[in-house]
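Starting off with a structure, shown below.
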Amino acid sequence: MTVSTPKVGHDPHAAAKDNMSALERIHAAFAKRGLEAYGEGVSQLEHAIQCGVFAQRDGASPALVVAAFLHDIGHLLHELPQDVAERGVDTLHESSGSAWLSQYFGPEVTEPVRLHVAAKRYLAMIEPGYFDQLSDASRLSLKLQGGPMTAAQAQAFAAEPFFADAVRLRRWDEEGKIVGYEGPGAAHFDAVMLACLQRP
Ligand code: FE
Ligand code: FE
């Protein structure tokens with residue numbers, strides 16, 4: 001005789017609760033370290049907001065807007081000082097950030113985040129003049145991150161499924177360093193983040 005197992009303890013509101021906690025944890029990360037300098041004359045939070053806003057301006061998908069807003073969250077999760085690059089340390093924030101975000105978001109969000117440093121190394125190899133327009137902090141971190149890609153590395157990178165999104169994100173990353181920019185608050189991205197949250 002087959003006995004069907006009743007779904008004991010199923011909470012129809014569990015997803016909503018978890019979604020809340022994801023946003024709360026993201027906001028907590030910005031609250032904790034968002035006012036620290038990005039190293040470019042803007043704070044981590046200002047940089048995140050500018051990147052997200054420019055992604056929206058350029059008609060990016062919701063997932064790519066979220067990726068742009070959260071691409072440097074790895075900088076907010078570790079306990080190291082923000083000036084570690086000046087001390088010759090690469091914190092691998094793109095990897096820690098994308099791994100942390102994968103608790104909540106799918107690859108459309110996490111992959112452009114994971115690849116945003118590779119995109120800089122790619123553009124430094126492929127695009128004349130790109131290196132020269134990088135900020136001092138970005139040039140310093142590029143050196144720590146391995147410098148411009150080789151031709152073979154660039155070819156492999158261009159075959160990544162989220163290659164194009166990573167390169168787009170990188171453009172906003174470069175642009176999002178405007179001192180004194182008057183943007184929206186961090187809550188501006190709550191709706192788009194909620195729309196992109198995934199549960200395993
Ligand atoms: Fe970054
Ligand atoms: Fe950045």
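The values are calculated or read from the model by the stated rules, or taken from the named source; none is laboratory data. As the structure is a prediction and not an experimental result, all values here were calculated from the model. Positions of Cβ are backbone-derived with ideal geometry, glycine not excepted, and every protein chain shown enters the neighbour counts. Just the protein is used for accessible areas: all its heavy atoms, side chains included, with ligands, DNA and RNA removed. Shrake-Rupley method; radii C 1.70, N 1.55, O 1.52, S 1.80 Å.
Cβ contacts < 9 Å: first residue among the aliphatic types (A, V, I, L, M) and within 15 Å of ligand 2 (Cβ to nearest atom), restricted to region 126-153; second residue open to solvent by 70 Å² or more (accessible area, probe 1.4 Å) and part of a helix (DSSP H, G or I), any location; separation 6+ or different chain. Result?
Cβ pairs passing all conditions: Ala137/Glu86; Leu140/Glu86; Leu142/Phe131.
Now, a different point. Report, ordered by the first and then the second residue, all pairs with beta carbons closer than 7 Å, sequence separation of six or more or different chains, a first member in region 22-42 that is within 16 Å of ligand 1 (Cβ to nearest atom), and a second member that is of a type in the set (S, T, N, Q) and in a loop (DSSP other than H, G, I, E, B).
From residues that are within 16 Å of ligand 1 (Cβ to nearest atom), the pairs are Glu40/Ser135.
Let me ask another. If the requirement is being open to solvent by 70 Å² or more (accessible area, probe 1.4 Å), within 14 Å of ligand 1 (Cβ to nearest atom) and more than 17 Å from the chain's Cα centre (by Cα), which of these qualifies: Arg139, Arg171, Arg114? Even if it seems obvious, please write down each step before you answer.
On the way: Arg171 fails: more than 17 Å from the chain's Cα centre (by Cα); Arg114 fails: more than 17 Å from the chain's Cα centre (by Cα).
From the options Arg139, Arg171, Arg114, the qualifying one is Arg139.
Can you find a residue in region 42-52 that is out of contact with any Phe, Trp or Tyr (no Cβ under 9 Å at 6 or more places or on another chain) and either closer than 23 Å to Phe162 by Cβ or of a type outside the set (Lys, Arg) (or both)?
Yes, region 42-52 contains a residue that is out of contact with any Phe, Trp or Tyr (no Cβ under 9 Å at 6 or more places or on another chain) and either closer than 23 Å to Phe162 by Cβ or of a type outside the set (Lys, Arg) (or both).
List every residue pair whose Cβ atoms sit under 9 Å apart, with the two residues 6 or more apart in sequence or on different chains, where the first one lies in region 176-200 and is within 16 Å of ligand 1 (Cβ to nearest atom) and the second, anywhere, is part of a loop (DSSP other than H, G, I, E, B).
Gly176/Tyr38; Gly176/Glu40; Gly176/Val42; Lys177/Tyr38; Lys177/Glu40; Lys177/Gly41; Lys177/Val42; Lys177/Ser135
On to the next question. Could you say which residue among Ala195, Ala119 is surrounded by fewer than 16 Cβ atoms within 10 Å (Cβ to Cβ), of a type in the set (A, V, I, L, M) and under 22 Å from Ser61 (Cα atoms)?
Matching residue, one of Ala195, Ala119: Ala195.
Considering only residues of region 29-84 that are of a type in the set (D, E, K, R) and within 12 Å of ligand 2 (Cβ to nearest atom), which is most open to solvent (accessible area, probe 1.4 Å)?
Narrowing region 29-84 to residues of a type in the set (D, E, K, R): 32-33, 36, 40, 46, 57-58, 72, 79, 83.
From the residues that got through so far, the ones that are within 12 Å of ligand 2 (Cβ to nearest atom) too are 40, 46, 72.
Working: Glu40: 36, Glu46: 73, Asp72: 12 Å².
By that ranking, first place goes to Glu46.
Going by the structure shown, is Met149 surrounded by 14 or more Cβ atoms within 10 Å (Cβ to Cβ), assigned to a loop (DSSP other than H, G, I, E, B) and not polar (S, T, N, Q)?
So Met149 passes the test.
Next up: Kindly indicate whether Gly106 is open to solvent by 10 Å² or more (accessible area, probe 1.4 Å) and more than 14 Å from ligand 1 (Cβ to nearest atom). Don't jump to the end; show me each part of the working.
On the way: open to solvent by 10 Å² or more (accessible area, probe 1.4 Å): no; more than 14 Å from ligand 1 (Cβ to nearest atom): yes.
Taking the combined requirement at face value, the residue does not satisfy it.
Report yes if Val109 is hydrophobic (A, V, I, L, M, F, W, C) and in contact with a Ser or Thr (Cβ under 7 Å, 6 or more places away or on another chain), otherwise no.
Working: hydrophobic (A, V, I, L, M, F, W, C): yes; in contact with a Ser or Thr (Cβ under 7 Å, 6 or more places away or on another chain): no.
Judged against the criteria, Val109 is not a match.
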